[in-house]
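Down below is the structure, laid out as structure tokens.
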Amino acid sequence: MKFKPQTKQKIAFILLGIAASIVIIPVILILAILIQRGLPAISWQFLTEMPRMGMRAGGIFPAIVGTLCLVFCAISVALPLGVLTAVYLVEYAKRNWWTRMIEIAIVNLAGVPSVVYGLFGLGLFVIFFQFGSSILAGALTLAIMELPVIITSSKEALMSVPRSFREASLALGVSRWQTIRHVVLPNALPGILTGAILGISRTAGETAPILFTVAAFYLPRLPKSIFDQCMALPYHLYVLSTQVPNVKPALQYGTALVLVGMVFLLNLVAIIVRARIRSKKQW
Amino acid sequence: MSKIETKNLDLFYGTFQALIDVDLVIKEKMITALIGPSGCGKSTLLRALNRMNDLIDGVKVTGKVLIDGKNIYEPGTDLVELRKKVGMVFQRPNPFPLSVFDNIAYGPRTHGLKDRGKLGEIVERFLSRVQLWDVLKDRLEDSALDLSLEQQQRLCIARLVAVMPDVVLMDEPCSALDPLATQRIEELMFELKKDYTILIVTHNMQQAARVSDWTGFMLLGKLVEYGETKQVFTNPQEKQTEEYITGRYG
């Protein structure tokens, strides 16, 4: 059978359109189901109360606090380390086999499955450094996971600062480090922050890395220090869905909705920060 | 009085030799112009004088550059001190994305001056120096990027002279500007000559003839001819120079 070129084009466009539209379907379905079934469970009590009766009633407050703690501790380790690495690679390091090794390592770090990070964290932080199952061990594991995202986006942000700014500063007799501190970093900051937030939102929802390193099955109290275990939303969701019999489905969907909402909120912040800085940026 | 002297200066980008055996003596408080076709090495020579070429990977320099009698390619030379003394204005105006005030104050601030009042005096003094004070005194907190290109270039010159250099290197400082703005920047250069030794790279021969006291003509990495501007333009000693300035070459 032979078609005219116009007809072929039409068929191709329709197929391409369908393929692109399929991408939207799972997103809409996930959100719709979560909101429809989870929203009724959401209430002030649900967000601020301890779980009761073996998690079959009450709220998810400790899991929310736990996730926030983990996210905060992880980023306060990963951000400085990642930014310093990026500054070194972009501003100081010469291109040689050593910097290529570092770059390959970063790419590979991004490709490691999350469960492997979990086992690595268990081996290194929990057992070898004897931090035990604790926020410290979990946050450090998450920090390593965030590193590639933060380094890559920081590098891009640093490289996007025009060369002419650096030259202008150096030609005034300003040292390289002062140039980085006063000219390069302030102008790269929005990009770095966006990367940081994306790094956070990626790890906030991870279950496997915290499974062996920090997450508590059922701990209806708040952590007192970074050496405490804590509950966390993703693991709590996993537990509610598979480990505890007779849980009201609304609780499960409500927890999932809170988790997705938190990650969504973080991404939204990143998008807003980026858009605002972009509109201000004049170079 | 010679301020800068290059002796047997060679510069390589990797295997490409961009400067070949350049010997140049630059007089203090004069304007020296470097002319020549694109790619002749004039910008490279300019950047060799405050070691801005160091930023490029694979650059190798042999020979000497003496500034006030001291070889700046001597190991252990303090680049920060060198560039405080030998500053640079670039082809495209490159103010920082900061306010007018912060642009001028940037140099003195990073060199340790914190007193807001003193910084204010400096800003006024150097904006006046480039005839921007009257126009901008009420717009000190505006972003420097909102200024016209000419004002931006003046601001960059003010930002540079605020760190009190001896030598000002200008790399085609007017090529982004219209003819009127160019003329006004040239007037400013005359005015600055009283206090600074100025080197300007330009591919605008009229500009070189108008503003400079001394002119060097470069071709393919060599300094072909160097002399007083009047002599170079009216009675060039080399055939290549004559061909270039009469427009038959380049």
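Please order B:Arg47, B:Arg210, B:Arg154 by the number of other Cβ within 10 Å, starting at the fewest. Mind dumping the intermediate values first?
On the way: B:Arg47 22, B:Arg210 17, B:Arg154 25.
Starting with the residue having the fewest Cβ neighbours, the order is B:Arg210, B:Arg47, B:Arg154.
What length, rounded to one decimal in nm, is gained on full extension from A:Val107 through to A:Phe128, with 0.36 nm per residue of separation minus their alpha-carbon distance?
5.0 nm
How big is the shadow of the Cα convex hull of segment A:58-280, averaged over all directions, in nm²?
For segment A:58-280, averaging the hull's shadow over all directions gives 14.3 nm².
Please give the average number of partner chain Cβ atoms lying within 10 Å of the Cβ of each residue in A:2-12, rounded to a whole number.
Mean inter-chain Cβ contacts per residue within 10 Å come to 0.
Taking segment B:133-232, which GluC sites (Glu not before Pro) meet the DSSP loop condition and have no more than 12 other C-beta atoms within 10 Å?
B:Glu141
From Cα coordinates alone, what are the radius of gyration and Dmax values for segment A:44-155 in angstrom?
Taking only Cα atoms of segment A:44-155, I get Rg and Dmax of 17.9, 60 Å.
How many partner chain Cβ atoms sit within 10 Å of a residue's Cβ in peptide A:177-187, on average, as a whole number?
2
Would you calculate the separation in nanometres between label points at A:Gln36 and A:Arg100, each defined as 7 Å from the Cα along the Cα-to-beta-carbon direction?
Those two pseudo-labels are separated by 5.5 nm.
Can you pull the percent of Cα pairs in the protein assembly as shown with separation above 31 Å? Don't skip to the end; give the middle numbers.
Numbers: 86774 of 141778 pairs.
That fraction is 61 percent.
Kindly put A:Tyr92, B:Tyr226, B:Tyr244 in sequence by how many other C-beta atoms sit within 10 Å of each C-beta, fewest to most. All intermediate terms of the calculation are to be shown ahead of the outcome.
Working: A:Tyr92 11, B:Tyr226 20, B:Tyr244 23.
Fewest to most other Cβ atoms nearby, the residues stand as A:Tyr92, B:Tyr226, B:Tyr244.
Once you have the Kirkwood Rh of segment B:2-245 from its Cα pairs, apply Stokes-Einstein at 20 °C and 1.002 mPa s and quote D in µm²/s.
Approximately 115 µm²/s, per Stokes-Einstein.
Quick check: convex hull over the Cα atoms of segment B:133-203, volume per residue in Å³, rounded to an integer?
Values: hull volume 7.1 nm³, N = 71.
Normalising the Cα hull of segment B:133-203 by residue number yields 99 Å³.
Which length gain, in nm to one decimal place, applies between A:Thr242 and A:Ile277 when the Cα-Cα distance is subtracted from 0.36 nm times their residue separation?
Numbers: separation 35, 0.36 × 35 = 12.60 nm, distance 4.37 nm.
Separation in residues times 0.36 nm, less the Cα-Cα distance, equals 8.2 nm.
Based only on other Cβ atoms within 10 Å, what is the fewest-to-most ordering of B:His203, A:His236?
B:His203, A:His236
Applying 1/(1 + (r/R0)^6) with R0 = 41 Å to the Cβ-Cβ distance of B:Glu187 and B:Asp21, what FRET efficiency is obtained, to the nearest 0.05?
Details: r = 36 Å, r/R0 = 0.87.
After rounding, the FRET efficiency stands at 0.70.
Could I have the simple spin-label model distance between B:Tyr13 and A:Gln45, label points 7 Å from Cα toward Cβ, reported in nm to one decimal?
7.4 nm
Only the coordinates and a few stated rules stand behind these numbers; no lab work does. Just so it is clear, the structure is predicted and the values come from calculations on it, not from any experiment. We place every Cβ from the backbone using ideal geometry, glycine too, and count neighbours over all the protein chains shown.
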